[in-house]
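Worksheet for the structure shown next.
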Amino acid sequence: MGGDSFTAGESGSPLAAVAEAFEELARSFQDCSTDLRLAPFSDACALIPVLFGCIGFAFKFAEMEYVSKVNNLLEASKTYDTLSNILDDDVKHDTARKPESHSQNLCRVRLGLDLIRALFEQFLTANECSLKEAALAAYGQVCAPFHSWATRKAIGAGMYTLPTWEQLLSRLNETDHSVQKEMRRYIDASSLIIQYIDTLFLSRNISLDW
């Protein structure tokens with residue numbers, strides 16, 4: 001996984017590739033009554049680390065954990081057909097809340113998707129010179145409540161390594177206009193996926209433990 005793990009399409013944009021993959025996922029369970037399949041979900045999630053890489057060292061902690069959990073789900077997709085299947089199997093064996101279970105790994109992947117969503121939402125409302133403030137707001141909203149004071153302090157210090165807006169556009173191979181469109185596509189599609197995952201957990205009385 002990483003910078004070479006995605007197909008960016010004609011635009012050469014990793015962001016566009018991610019947005020397209022998540023829109024396709026959202027359509028797949030909106031257009032039919034079947035559950036979201038694990039293999040395409042894992043494949044789409046495997047595109048995300050390149051975005052963490054473009055944002056920079058500040059979110060290396062999230063990228064490293066995210067990659068390991070996605071790899072687990074990619075392996076699980078050889079055995080389980082849908083997201084519902086992995087949750088049901090964990091419930092059956094009373095492992096849904098155990099560390100490194102498929103259910104808990106799905107929790108962590110969901111957190112990574114939500115962090116990127118929150119980052120994009122903050123970036124779209126930030127002034128060009130306030131990516132640090134935008135990133136801190138996104139981190140505070142999604143991840144900070146689950147981290148220790150020492151971890152929060154270290155991550156805050158890492159925010160000074162964030163790229164400028166122009167550097168971010170260059171890394172994403174986007175323009176001011178196109179990046180807004182692609183970030184919004186991801187925000188809208190991923191929000192549906194995140195809501196779907198939350199519903200799966202709540203319907204089985206599994207807490208979303210990070």
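Report those helices (runs of 4 or more DSSP H) wholly inside region 34-120 carrying at least 3 residues which are of a type outside the set (A, V, I, L, M) and surrounded by fewer than 16 Cβ atoms within 10 Å (Cβ to Cβ).
Those helices (runs of 4 or more DSSP H) span 60-76.
Of the residues making up region 175-210, those that are in contact with a Lys or Arg (Cβ under 8 Å, 6 or more places away or on another chain) and in a loop (DSSP other than H, G, I, E, B) number 5.
TRP165 meets the conditions (1) in contact (Cβ under 8 Å) with a residue 12 or more places away in the chain; (2) surrounded by fewer than 19 Cβ atoms within 10 Å (Cβ to Cβ); (3) of a type in the set (Phe, Trp, Tyr); (4) farther than 20 Å from ALA16 by Cα in every case but one. The failed one is (4). What are the residue pairs meeting all of these: first residue in region 178-200, first residue within 15 Å of PHE41 (Cα to Cα), second residue among the small types (Gly, Ala, Ser) and crowded, with 16+ Cβ neighbours inside 10 Å, Cβ atoms under 8 Å, and 6 or more apart or on different chains? Between residues of region 178-200 that are within 15 Å of PHE41 (Cα to Cα) and residues that are among the small types (Gly, Ala, Ser) and crowded, with 16+ Cβ neighbours inside 10 Å, the close pairs are TYR186/ALA19; ALA189/ALA19; ALA189/ALA26; LEU192/ALA26; ILE193/ALA26; LEU200/SER84. Please determine whether any residue of region 167-174 is basic (Lys, Arg) and either under 24 Å from ALA58 (Cβ atoms) or not in a loop (DSSP other than H, G, I, E, B) (or both). Taking every residue of region 167-174 in turn, at least one turns out to be basic (Lys, Arg) and either under 24 Å from ALA58 (Cβ atoms) or not in a loop (DSSP other than H, G, I, E, B) (or both).
If the requirement is being surrounded by 11 or more Cβ atoms within 10 Å (Cβ to Cβ) and free of Cβ contacts under 8 Å to residues at least 24 places away in the same chain, which of these qualifies: ALA157, ALA135, ALA144?
Just one listed residue meets the conditions, ALA144.
Taken together, the values in this text are just the output of simple stated rules run on the coordinates, not laboratory data. Computed from a predicted structure; not experimentally measured. Neighbour counts are summed over all protein chains in view; Cβ atoms, including those assigned to glycine, are modelled from backbone coordinates with ideal geometry.
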